[in-house]
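The values are calculated or read from the model by the stated rules, or taken from the named source; none is laboratory data. Quantities reported herein were computed from a predicted structural model and do not represent experimental measurements. Please note: Cβ atoms are built from the backbone with ideal geometry, for glycine as well, and neighbour counts cover all protein chains shown. In case anyone asks, the SASA skips ligands and DNA or RNA and just uses the protein heavy atoms, side chains included. Shrake-Rupley method; radii C 1.70, N 1.55, O 1.52, S 1.80 Å.
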Amino acid sequence: MKTKTIPTSKSKLSGAGENTASWLLLAPFMSFFILCTLIPVGSSVVLSFFDYDMVSTPIFTGIQNYMRMFTDDSVFFTVLGNTLRFAVITGPLSFLLSFLLAWLINEFPHTVRSILSFLFYAPALVGNAYYIWQVAFSGDSFGYVNNLLISLGFITEPIQWLKDVAYNSTIIMVVQLWMSMGVSFLANISGLQNVNTELYEAGAIDGVRSRWHELWYITLPSMKSILLFSAVMQIQSVFSISVVVTTLAGYPSVNNSVDTLVPLIQDVGTARYEMGYAAALSVFLFFMMAFFRIVVGKALDLMGKQD
Amino acid sequence: MTTNTVKKVRMLRPKKRSEYRRYTRSKGGTVLYFSLLFLAGMFTVLPMIYCICTSFKPLDELLIFPPRFLVHRPTLENYIALPSLLNTLRVPMERYFFNSLFISISGVILHVMAASAAAFVFSKSQIKGRKILFLIVQFALLYNSYTLSVPQYLIFSKIGIVDTYLVYLFPAIPSAMGCFLMKQFIDVSVPNALMEAARIDGAGMGRIYWQIIMPIAKPSWMTLTLFSFRDLWSTVPSGTIFSEELKLIPQVMTNITNGGIARSGSAMAATVLMMLPPIIVYFIAQSNVIETMSSSGIK
């Protein structure tokens, strides 16, 4: 673990000493980061220019893997469309909801706050229990939803929720929303606790009269860096939707109606052993996420400037 | 609102957190929001309740038609059946439990220490290149982790740590999410004036980190502990662990959950037991977070 670094007894602006100490503090994280993340990312990017089946020697093929994506892959555009659709709908929704819930909960006294926080963090705690939704939306009349609807007389025949193109993507979005709020929600909760309370007092004196005013003029600007974190986590989780989809709808799903990029990458890599192509798809996915990350960063910057 | 007002207010008298923010709140609004939140909360917690109920259902209630959500005649038989379902394992159950606990706890400690130290440097130091390094860390978060498993495996086998505890711990330490979270929190909660003051007092970076940053940032690293424990507790390594003695609980649990409908009660019992440690950590962390929050904000 970390040893306590040399206290520089020198002077106030101890340039060199402070820099050394800084690098020492950074070293444990960065060295493991380089080993376990940076080198693998680098090699994956390199691999995307090769044809590699995990057995024979990789063959350099230039940008062929990338060309293939756009010209020679029958499912790529469907899968890309699904991924974008899920991302654009559930991402912002989940981002806003996790903030709104955290903000409203933050108003309550201690005990109420703990209980409510627990309710909303519960999905993250049940771990891999999203298969419960499979039970709920099961296609026979044993499924809870079918059973309920039949007994209420809305339908007479059980609906194949997860096989029916009309319903499956909505269901997946609801489940994804249910699952994805945990991290952002708790980060927001503790971020809100960090907002300087004196600002609220000052705001009230300066004429902030409703909680919504206060939210806009005081809370949001103070929360900017946590909001950025939360947004990045949403981008990360929403573009990587995979287990939810494969557990609920299987892979490939009916007419590829809900297949997303990550299951496709896993299929290409694990089932077809085309590691080069899988790497190229990952690089593509990365740039797409990076694009959204930059847009979101710019948008959040604007929020501060208007104030 | 101007900084002047803030100062004026600060001079009047110190107030407790609960005294603030009454000005902008109406009672009716509070009740309304509470009811809405509680309803939404019930929806999100429903699957967890379902898990718990099902784990107490006797076999005939599991198979009953129409299916019932709640349990009518609760029984412990699903829990009692667990040991006999697990006695085919070559390694005693306690070993898996120890492994999981050991990996989760040591992984969390190492990760929290490393990530917050790095985050502190990214946020408050003056070294060259910290901005670009932090950007790299941030963007690495977006790279699909599945694709990394093959290169990671090759690296781990090259340095000879495949099939040891280290394959669990090594990737856990530099999780970019933790560093990012801590950096954002330190940015907000540690004023630069405090850094200046500490420097003038002659404190080095190491001491500032340990004696000033960590206490102030306690709510944030408690939150990070929560996330990190949850992730490590449910880790299933991909092809880097072969020895049965080194496997973790989630890998064993799949033996039970794959048992079909007759075992679905026991599968739920196992799921419920798996949930307990993260829930306990949640409550420990959360009570700490709430206690320290009010005092930490701005010194």
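Tally the residues that are part of a loop (DSSP other than H, G, I, E, B) and modelled with pLDDT of 85 or more, restricting the search to segment A:230-256. Adding up the residues that qualify gives 2.
What's the number of the condition residue A:206 fails, among (1) facing another protein chain (nearest Cβ under 7 Å); (2) buried (at least 18 other Cβ atoms within 10 Å of the Cβ); (3) not aliphatic (A, V, I, L, M)? Exception for residue A:206: condition (2). From the list A:31, A:98, A:74, A:43, the one residue that fits, being open to solvent by less than 40 Å² (accessible area, probe 1.4 Å) and not hydrophobic (A, V, I, L, M, F, W, C), is A:98.
On the basis of being more than 20 Å from residue A:72 (Cα to Cα) and open to solvent by 40 Å² or more (accessible area, probe 1.4 Å), does residue A:238 make the cut? Break it down into steps so the answer makes sense when it comes.
On the way: more than 20 Å from residue A:72 (Cα to Cα): yes; open to solvent by 40 Å² or more (accessible area, probe 1.4 Å): no.
The answer is no for residue A:238.
Residue check: residue B:207 meets all listed conditions (1) more than 28 Å from residue A:223 (Cβ to Cβ); (2) facing chain A (nearest Cβ under 7 Å); (3) open to solvent by less than 30 Å² (accessible area, probe 1.4 Å) but one, namely (3). Does residue B:116 satisfy the criteria of being among the polar types (S, T, N, Q) and either in contact with a Pro (Cβ under 8 Å, 6 or more places away or on another chain) or more than 7 Å from every other protein chain (Cβ to nearest Cβ) (or both)? Taking the combined requirement at face value, the residue satisfies it. Scanning segment B:93-129 for residues that are of a type in the set (Val, Ile, Thr), part of a helix (DSSP H, G or I) and open to solvent by less than 30 Å² (accessible area, probe 1.4 Å) yields a total of 4.
Checking each residue in segment A:263-283 for being within 16 Å of residue A:43 (Cα to Cα) and either open to solvent by less than 40 Å² (accessible area, probe 1.4 Å) or at pLDDT 95 or above (or both) picks out A:269, A:275, A:276, A:277, A:278, A:279, A:280, A:281, A:282, A:283.
Residue B:146 - would you say it is within 7 Å of chain A (Cβ to nearest Cβ) and either open to solvent by 40 Å² or more (accessible area, probe 1.4 Å) or among the acidic types (Asp, Glu) (or both)? Criteria met by residue B:146.
Beta carbons closer than 6 Å, at least 6 apart along the sequence or on distinct chains, pair a first residue in segment A:44-55 that is over 7 Å from residue A:279 (Cβ atoms) with a second that is hydroxyl-bearing (Ser, Thr, Tyr) and open to solvent by 60 Å² or more (accessible area, probe 1.4 Å) for A:53/A:273; A:54/A:273.
Tally up the residues in segment B:153-168 that are touching a residue at least 40 places away in the same chain (Cβ under 8 Å), part of a helix (DSSP H, G or I) and either at the interface with another protein chain (Cβ under 9 Å from one of its Cβ atoms) or aromatic (Phe, Trp, Tyr) (or both), please.
First pass over segment B:153-168, keeping only residues touching a residue at least 40 places away in the same chain (Cβ under 8 Å): B:153, B:156, B:162-165, B:167-168.
Next cut, part of a helix (DSSP H, G or I) only: B:153, B:156, B:167-168.
Within this subset, residues satisfying the condition of being either at the interface with another protein chain (Cβ under 9 Å from one of its Cβ atoms) or aromatic (Phe, Trp, Tyr) (or both) are B:153, B:156, B:168.
Qualifying residue count, segment B:153-168: 3.
One residue alone among A:33, A:70 is in a helix (DSSP H, G or I) and at pLDDT 95 or above, and that residue is A:33.
Where the second residue is at pLDDT below 65 and the first is part of a loop (DSSP other than H, G, I, E, B) and lies in segment B:20-42, which pairs have Cβ atoms under 8 Å and are six or more apart or on separate chains? As it stands, the answer is none, since no pair meets every condition given. Exactly one residue among A:120, A:185 is more than 7 Å from every other protein chain (Cβ to nearest Cβ) and of a type in the set (Phe, Trp, Tyr), and that residue is A:185. Among the residues of segment A:244-267, write down those that are within 11 Å of another protein chain (Cβ to nearest Cβ) and either under 22 Å from residue A:138 (Cβ atoms) or not aliphatic (A, V, I, L, M) (or both). Within segment A:244-267, A:263, A:266, A:267 qualify.
Check whether at least one residue in segment A:210-222 is in contact with a Ser or Thr (Cβ under 8 Å, 6 or more places away or on another chain) and open to solvent by 30 Å² or more (accessible area, probe 1.4 Å), and report yes or no. Working first, answer last.
Of segment A:210-222, the ones in contact with a Ser or Thr (Cβ under 8 Å, 6 or more places away or on another chain) are A:210-211, A:213-214.
Add one more test, that the residue is open to solvent by 30 Å² or more (accessible area, probe 1.4 Å), and what stays is A:210, A:213.
Yes.
Taken over segment A:77-95, the residue count meeting the criterion of being more than 30 Å from residue A:225 (Cβ to Cβ), open to solvent by less than 40 Å² (accessible area, probe 1.4 Å) and either in contact (Cβ under 8 Å) with a residue 40 or more places away in the chain or not in a helix (DSSP H, G or I) (or both) is 3.
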